[in-house]
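Bear in mind these aren't lab numbers, they're just calculated from the coordinates by the rules spelled out. Predicted, not measured: the structure shown is a model, and the values here were computed from it. Using ideal geometry, Cβ is built from the backbone for each residue, glycine included, and neighbour counts are taken over all protein chains shown.
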Amino acid sequence: MQRLSIIRYTVKPEAAEENVRLSKAVFAEAHRTAPDHIAYGLFRQGDEFIHVFLNLAGDSSDPITELPSFKAFQADIAARCIVPPTPERHAVELVASYGLPA
């Protein structure tokens, strides 16, 4: 099976830019290491953030969560949040797509 994760949370207003900085470090490391078969995006609406992760090769988020930059991002997430991360994790099978890595 494949892994689809959607994680939503709200940060304190004064922590929003720090959250963006830490998140961008994760994406920079992902671009450098280029893990195969994943799609990962971060969306923001004010102080609310939504991470969308898809692993087309297996039911694991390790290609991102094991990155040192992700561990640094996660280290103090509770202190940055008003509403803590709420993960939705699904073991799925991709039926069709447009714009996702093959």
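Only helices enter the 222 nm calculation for the chain: every DSSP H run of n ≥ 4 contributes -39,500 (n - 2.57), and dividing by all residues gives -9000 deg cm²/dmol, rounded to 500. Projected onto planes of every orientation and averaged, the convex hull of the alpha-carbon atoms in the range 2-92 covers 5.2 nm².
To the nearest 0.05, how large is the calculated FRET efficiency for ALA34 and GLN74 if R₀ is 25 Å and r is the Cβ-Cβ distance?
Calculated value: 0.75.
Net charge in the neighbourhood of PRO35 (other residues with Cβ under 11 Å of its Cβ; Lys, Arg +1, Asp, Glu -1) is -3. How high is the relative contact order of the chain, in percent, counting Cα pairs under 8 Å that sit 6 or more residues apart? Relative contact order comes out at 49 percent.
Hey, what angle do you get for helix 16-33 against the long axis of the chain, alpha-carbon based, 0 to 90 degrees rounded to 10? The answer is roughly 30 degrees.
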